[in-house]
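K.L.:
Okay, here's the structure, questions in a sec.
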Amino acid sequence: MQFSHRLLSETVQSGDTVIDATMGNGHDTLFLAELVGTQGMVYSFDIQPLALEKTHALLDQSHKKFPQVNLIEASHDQISKFVTSPIMGAIFNLGYLPGGDKTIITKSTSTISAIQQCLNLIEIGGRVVLVCYYGHPGGREELTRLLEFVSKLDQKEFSCLRYEFINQINNPPILLCIERKK
Ligand SMILES: C[S@@+](CC[C@H](N)C(=O)[O-])C[C@H]1O[C@@H](n2cnc3c(N)ncnc32)[C@H](O)[C@@H]1O
């Protein structure tokens, strides 16, 4: 299991509401859908119609029904317009769509706005996981801004951890995990 998924599976349970803020090819959406089950709710966002197509196709491949999944073609900085119930988890897989247009990337201003909207919805014990790829043009700038933002979150309210793969080549992602304490 991917490390980001492990971080979420430690807290998210069947019946919970969760967000995939960067749907892409749908791997995180599929993982979250299995984790929360048909009693839960998954809200997945992407600005590219191609991402919705790819995610639909991935879900269809599994030959299961996923009534709990809502695929939304909108920027994640619109999360609060679509999600009003408390959430137990959210994942951001930052950068560009693998196999797609590499110039369409996540950007720090909208990413930070979306993270803040998730933090406004997150339940005690819930986690927001950020998978930060930074090897592409624009990636470093986004990572720097995110580190600034996350490291200033109130330590009484949130535990913020940074994880790195120190033995992987080719700019492996840095993972940030924000857990609501109270
Ligand atoms: C690294 S990919 C996500 C991979 C995906 N989670 C998966 O499992 O395949 C990043 C995605 O973020 C999307 N994206 C970029 N800006 C966005 C925004 N403002 N709101 C939502 N998605 C955005 C891109 O279109 C791209 O599909």
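The values are calculated or read from the model by the stated rules, or taken from the named source; none is laboratory data. Source: prediction; values computed, not measured. Neighbour counts run over all protein chains shown; Cβ positions are idealised from the backbone, glycine included. Accessible surface is based on the protein model in full, side chains and every heavy atom, while ligands, DNA and RNA are left aside. Shrake-Rupley method; radii C 1.70, N 1.55, O 1.52, S 1.80 Å.
K.L.:
Taking the chain as a Gaussian network, Cα atoms linked when under 10 Å apart, which of Gln116, Gln78, Gln168 shows the biggest mean-square fluctuation?
P.N.:
Gln168
K.L.:
Convert each backbone phi in segment 90-100 into a coupling constant with the Karplus relation 6.51 cos²θ - 1.76 cosθ + 1.60 (shift: θ = phi - 60°), then list the ³J(HN,Hα) values in order as whole Hz, x for Gly and Pro.
P.N.:
Going residue by residue, I get 8, 10, 10, 10, 8, x, 10, 6, x, x, x Hz, with x marking Gly and Pro.
K.L.:
Which percent of the accessible heavy-atom area of the chain goes to carbon and sulfur, probe 1.4 angstrom?
P.N.:
Numbers: 4670 of 9270 Å².
Answer for the chain: carbon and sulfur cover 50 percent of the accessible area.
K.L.:
Let me have the relative contact order for the chain, percent, based on Cα pairs under 8 Å that are six or more residues apart.
P.N.:
Values: 357 pairs, mean separation 36.6, N = 182.
About 20 percent, as a whole number.
K.L.:
Where the convex hull is taken over the Cα atoms of segment 21-76, what is its projected area averaged over directions, in nm²?
P.N.:
Working: hull surface 12.6 nm².
For the Cα atoms of segment 21-76, the hull's average projected area reads 3.1 nm².
K.L.:
Something else now. Given springs between every Cα pair under 10 Å in a Gaussian network model of the chain, which of Ser108, Ser62, Ser75 has the largest fluctuation?
P.N.:
Checking each option, the largest mean-square fluctuation is seen for Ser62.
K.L.:
Which value in Å does the Kirkwood hydrodynamic radius of segment 49-182 take, with 1/r averaged over all unlike C-alpha pairs and then inverted? Mind dumping the intermediate values first?
P.N.:
Numbers: mean 1/r = 0.0618 Å⁻¹.
One over the average 1/r among Cα pairs gives 16.2 Å for segment 49-182.
K.L.:
Follow-up question, since we're still on this one. Could you list, in their original order, any pairs among Lys152/Lys181; Lys65/Lys102; Lys54/Lys181; Lys102/Lys152 whose Cα atoms are separated by more than 27 Å? All intermediate terms of the calculation are to be shown ahead of the outcome.
P.N.:
On the way: Lys152/Lys181 15 Å; Lys65/Lys102 31 Å; Lys54/Lys181 35 Å; Lys102/Lys152 30 Å.
Lys65/Lys102; Lys54/Lys181; Lys102/Lys152, as the Cα separations exceed 27 Å there.
K.L.:
Rank by packing, highest mean first: peptides 37-48, 170-181, with packing defined as the count of other Cβ atoms within 10 Å averaged across residues.
P.N.:
On the way: 37-48: 19.9, 170-181: 17.1.
Ranking, from highest mean packing down: 37-48, 170-181.
K.L.:
Further, regarding this structure: Calculate one ³J(HN,Hα) per residue across segment 47-58 by plugging θ = phi - 60° into the Karplus curve 6.51 cos²θ - 1.76 cosθ + 1.60, and present them in order as whole Hz with x for glycine and proline.
P.N.:
8, 9, x, 4, 5, 5, 4, 4, 6, 3, 4, 5
K.L.:
Between Ile166 and Met1, what FRET efficiency follows from the Cβ-Cβ distance if R0 is 30 Å, with the result rounded to 0.05? Walk me through the intermediate numbers first.
P.N.:
On the way: r = 20 Å, r/R0 = 0.65.
About 0.95, to the nearest 0.05.
K.L.:
Name the residues whose placed amide hydrogens come within less than 5 Å of the amide hydrogen of Val69, ignoring near sequence neighbours (fewer than 5 apart) on the same chain.
P.N.:
When sequence neighbours closer than 5 places are left aside, the close amide H contacts are Val42.
K.L.:
Here is a follow-up. Can you return the aspartates and glutamates within cross-link range of Lys107? Criterion is Cα-Cα under 19 Å, with same-chain partners fewer than 8 residues away left out.
P.N.:
Within the straight-line limit of under 19 Å, Lys107 reaches these aspartates and glutamates: Asp20, Asp46, Glu73, Asp77, Glu141, Glu142, Glu148.
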